[in-house]
Amino acid sequence: MKTYGVIMAGGGGTRFWPMSRHEVPKQLLNLSGKDLMINETVDRVSTVAAKEDIFIVTNVDQVPGMEKATAGRIRPDHILSEASARNTAACVGYAAMEIVKKYGDGIMTIFPADHFIKDEAAFTRVLKGAVKIAEEKNCLVTLGITPTFACTGYGYIRFDKNDAGTSAGEGITARPVVEFKEKPDAATAEEYVKSGEYAWNSGMFVWKASVILEEFKKLLPDVYACLEKMGEAMGSADEKRIINEIYPTIPSISIDYGIMEKSDIVNVISAEMGWNDVGSWDNLGVLYEEDGDGNVFAGDHLAIDTKGCITYSKKRLISTVGVQDLIIVETDDAVMVVDKSRAQDVKLLVDELKKQGRKELL
């Protein structure tokens, strides 16, 4: 059975403002200094799915930029346009219906566009094992990450560590999921890690397109009804028009809440692969080495008596004296300074700019 890659790339990445903008979101940025995040993801996925079998689902406003960014890597007709943001269930269902209707059944490997994987060999090994299990067992497989510390910023997946599970060889085992847990407080996270029966929820999935559509039909019938209408139009002269009419009416719900937390056929593989969710500026240390004072500098910088800071510049010098735990980002039209402990609140700046109608900065 053919394996397909599906990359979810419709987000705005507001926590990476002022670099990230509506038409140039985080996934179209080169934060690592090596390549755009979307292209790094495509190349990583291509170790399991051929590039001609990789799909990207993105917002309609981001399609032109996505086509330009991935030219030579992704077929333009494999960039699926979302007429409006309807969360990840719609995104996954759209791709599943596209595959089933136009290419027959296949194994879907699904990824966010903006993760960092340090050990790509381990990633490929685990992914191949997940594909094998999903094909043989007709289950939903989620790739969990073996916790390396008591993180409060990730959701957790609990599994029965005493269950032998399903082996794919090479130490890769998928075990039935007991429950999903929201982001815990510090004490609870410590308990999770010590128990040895929790994995971080990475948001990476593997399953047959036909199997996930059956779960949609059973668990999210309202969403499935919309997907079915879209599927009926696929391949017709009216395909684009009908999909654009139906998509905004799909109930907005995440694949986690709508399917994963309700389904009784979910299995998790807990593995180590140097994974990190590069979700905000304070995670930039994943992509760059810290200096002896805990600073992360990307671009031109001059630092005196500076500790624990993160600076990112495109063109101009960023210079600091006697400061600590700041994030400073310079672009052509904006400079942002924020306390590192409030990195998640960068989105508040975006919200305020929207209120002020300053579209040129969005």
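Okay, here's what the table says:
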quantity	calculated
Size-normalised alpha-carbon gyration radius of the stretch 88-229, reference 2.2 N^0.38 Å	1.11
The stretch 178-282: proportion of alpha-carbon pairs further apart than 18 angstrom, %	64 percent
On Cα atoms only, tilt of 209-219 relative to the major axis of the chain in degrees	90 degrees
Cα-based helix-to-principal-axis angle, 87-103 vs the chain, degrees rounded to 10	50 degrees
Filtered GluC sites (Glu not before Pro), the stretch 134-171: DSSP coil and at most 14 other beta carbons within 10 Å	GLU170
Theoretical ellipticity at 222 nm over the chain - DSSP helices of four or more residues, -39500 (n - 2.57) apiece, nearest 500	-8500 deg cm²/dmol
Dipole in debye (nearest 20) - the stretch 297-362, about Cα centre, beta carbon charges: Lys, Arg +1; Asp, Glu -1	180 debye
Rounded, prolate or oblate (a/c below 1.5 giving rounded, otherwise prolate when a/b exceeds b/c) for the stretch 1-106 by Cα gyration tensor	oblate
Relative exposure of LEU361, LEU213, judged by other C-beta atoms within 10 Å (fewest first)	LEU361, LEU213
Cut-off under 5 Å, modelled amide H: who pairs with SER202 long-range	ILE145
³J(HN,Hα), Karplus 6.51/-1.76/1.60, whole Hz, each residue of the stretch 123-136, x for Gly, Pro	4, 4, 4, 5, 5, 4, x, 5, 4, 4, 5, 4, 6, 7
Cα centre as origin, Lys/Arg/Asp/Glu Cβ charges: the chain dipole, Debye	580 debye
Size-normalised alpha-carbon gyration radius of the chain, reference 2.2 N^0.38 Å	1.01
Where only C-alpha atoms are counted, convex hull volume of the stretch 281-361 per residue in Å³	91 Å³
Rounded to whole Hz, the Karplus (6.51, -1.76, 1.60) HN-Hα couplings of the stretch 290-295, x for glycine and proline	7, 8, x, 9, x, 8
Theoretical gain in end-to-end length, SER32 to ALA186 [0.36 nm per residue, Cα-Cα removed]	52.5 nm
The chain: angle of helix 346-355 to the longest principal axis, Cα-based, in degrees nearest 10	90 degrees
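No value in this document is a laboratory result; all are computed from the given coordinates. Computed from a predicted structure; not experimentally measured. With ideal geometry, Cβ positions are generated from the backbone for all residues, glycine too; neighbour counts draw on all protein chains shown.
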